[in-house]
Amino acid sequence: MQILFLASEATPLAKVGGLADVAGELPRALRRLGIDVRLVIPFHRQIDRRALNPVPVAQVEVDHRQGPLRAQLWEAEHDGLPIYLVSGEPLERLEVIYGDPALDADRYAFFSLAALAAIEAIGWRPDVVHANDWQTAPAIIRLRQLRESHRFWGDVRSLLTVHNLPFMGAGGESALESYGLLGMDAPELPLWGRALPLPLGLAAADWISTVSPTYAEEIQTSEFGCGLEGFLRDRRDRLVGILNGIDPEIWNPRTDPAIPARYDTERLEQRDSVKRFLQSSLGFEANPARPLLGMITRMDTQKGVDLALDALETLQSPVPGWQFVLLGTGDPLLEERAQAFAAQRAGRAHAFPRFDPELARQIYAGTDLLLIPSRYEPCGLAQMIAMRYGSIPVVRATGGLRDTVTDYESGGSGTGFVFHAPEPADLARTLQRALRVWKDRRRWRPLQRRAMQADFSWSASAEQYRSLYSSVAEA
């Protein structure tokens, strides 16, 4: 089976969020199953050309209202995965991966159409085109058009994965029109959705997937469906949720060079030295008897940053002197509030409004609890990584958080602490419960070991995708 995997970002070449981890890791897991997966991403300026050493293999033109636009396809390989990079003038208008919405819509529409044209030019025909999120949804729209008139694409089927439904490509109406992607007959969509990349892509796709079973159910409700819940309910026979995974070799406390001491489930005492290192580097008292809480997140109301800060302000901890570190960028107002929160608690709280992969690994490896109080969460990777490193997640029961974290029970089960209401009081009560368990090493160490032994590798998810690709190809 041959799969064309389209994404706007992929680790380790170019990353902004979790989509990059999926696009960089899932195709490699699929190739280990014998599937011929080839990844296509834009040739972003951040990509290290010398390290990747790409070779030009095709040049094509993309139709545009103002005249044809030239695109080039480059071929490379990383860790056994064939990678194609698309370059062209529209992709060079911004240095960042995501920026101005209208420019993003134009350049990702160009990328999507150029990718299909270039793959046809080199003569490699996929069985399934697998696109991800609104940025590559235009490829699914164009594929539906091409199947009616191009023999090369006649039997090729499509899958569109939704990583975060509210991000639909707002501002993309003009770009879709400029590239001839409007006018598709889609009466099943609300009127406003017939001019946006993601809804049109969903209507054109043979199958739809999302990144956790619970989120696949949630987006069929009015609370999470963003106005598309009726359409998604009608498509539920071709809508599936498959959990994302993590690469256990990339996220491995036994070998991670970013942390000062290596450890595993048999050497958990070594983790205390990582905690002391992190406490010292943050300017906190280096004392393992102080509970250290962390949060690694995009600064967004979706992620519940405000819920976490409100809960901590009222937390009546059974353990005095908790410490807290927050790492993340996003909404300037939330960044400002987090820094003010930390400034009022100098010496026990710190907020870093930046992207810092090394510090993130140290937070995973050195904190006792990781807060993930999302209002909704399609999948989430932070809770999986935290468990791998022995930081116990405190999560809201939504989406992939609900599918990956089981609530602690005193009888000896569970991998974290789960709360339900998106309210600071409910989170604060759950933190109090978590800290009571943290005080009791006889209960805490087994909890850590259970969490660290949970298997979130891509193996199971890749098997589910292999089965899904078979269903898509037969659609």
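Which of the following residues is at negative phi, open to solvent by 10 Å² or more (accessible area, probe 1.4 Å) and at pLDDT below 95: ALA460, ALA382, ALA397?
Step by step, each of ALA460, ALA382, ALA397 is checked, and only ALA460 is at negative phi, open to solvent by 10 Å² or more (accessible area, probe 1.4 Å) and at pLDDT below 95.
State which residue is modelled with the lowest pLDDT when the search covers only the stretch 66-113 and only residues that are basic (Lys, Arg) and more than 12 Å from GLN135 (Cα to Cα).
Ranking the candidates gives ARG93 first.
Sort out which residues of the stretch 395-437 are among the basic types (Lys, Arg) and under 21 Å from PRO291 (Cβ atoms), and write them in order of number.
Correct list: ARG396, ARG429, ARG433, ARG436.
What do you reckon, is LEU4 of a type in the set (A, V, I, L, M) and buried (at least 19 other Cβ atoms within 10 Å of the Cβ)?
Yes; evaluated as a whole, the condition is true for this residue.
Do any strands (runs of 3 or more DSSP E) entirely within the stretch 1-70 hold 3 or more residues that are farther than 22 Å from ARG93 by Cα, and if so, which?
Strands (runs of 3 or more DSSP E) meeting the threshold: 2-6, 36-42.
Of the residues ARG402, ARG375, ARG442, which single one is within 30 Å of ILE3 (Cβ to Cβ) and charged (D, E, K, R)?
ARG402
So if I check each of PHE341, PHE324, PHE355, which one is touching a residue at least 12 places away in the same chain (Cβ under 8 Å) and open to solvent by 40 Å² or more (accessible area, probe 1.4 Å)?
PHE355 is the lone residue from the list that is touching a residue at least 12 places away in the same chain (Cβ under 8 Å) and open to solvent by 40 Å² or more (accessible area, probe 1.4 Å).
Among the candidates ALA23, ALA58, single out the residue that is more than 25 Å from the chain's Cα centre (by Cα) and either within 19 Å of THR161 (Cβ to Cβ) or among the hydrophobic types (A, V, I, L, M, F, W, C) (or both).
It is ALA58.
Would you pick out the residues in the stretch 147-165 that are within 28 Å of ILE219 (Cβ to Cβ) and more than 30 Å from the chain's Cα centre (by Cα)?
ARG147
Return the residue satisfying two criteria in turn: it lies in the stretch 187-226 and is touching a Leu at 6+ places or on another chain (Cβ under 7 Å), polar (S, T, N, Q) and surrounded by 21 or more Cβ atoms within 10 Å (Cβ to Cβ), and of such residues it is farthest from ILE140 (Cα to Cα).
Only one residue tops the list, namely SER212.
Restricting to the stretch 120-165, name every residue that is open to solvent by 60 Å² or more (accessible area, probe 1.4 Å), part of a loop (DSSP other than H, G, I, E, B) and not basic (Lys, Arg).
ASP127, GLU148, SER149, HIS150, ASP155
How many residues does the stretch 287-304 contain that are open to solvent by less than 10 Å² (accessible area, probe 1.4 Å) and under 27 Å from ASP272 (Cα atoms)?
5
Pull up the stretch 19-34, narrow it to residues that are open to solvent by less than 10 Å² (accessible area, probe 1.4 Å) and aliphatic (A, V, I, L, M), then point me to the one that is farthest from SER461 (Cα to Cα).
My answer is ALA20.
With GLY294, GLY245 as the choices, which residue is under 21 Å from the mean Cα position of the chain (by Cα) and in a strand (DSSP E or B)?
The unique qualifying residue is GLY294.
Test of understanding: among GLU269, GLU229, which residue is out of contact with any helix residue (DSSP H, G or I) (no Cβ under 9 Å at 6 or more places or on another chain), surrounded by 14 or more Cβ atoms within 10 Å (Cβ to Cβ) and at negative phi?
GLU229
The values are calculated or read from the model by the stated rules, or taken from the named source; none is laboratory data. As the structure is a computational prediction, the values presented were derived from the model and not from experiment. When we count neighbours, we look across all protein chains shown, and the Cβ atoms used for this are built from the backbone with ideal geometry, even at glycine. We work out accessible area using only protein heavy atoms, side chains counted, and drop any ligands, DNA or RNA first. Shrake-Rupley method; radii C 1.70, N 1.55, O 1.52, S 1.80 Å.
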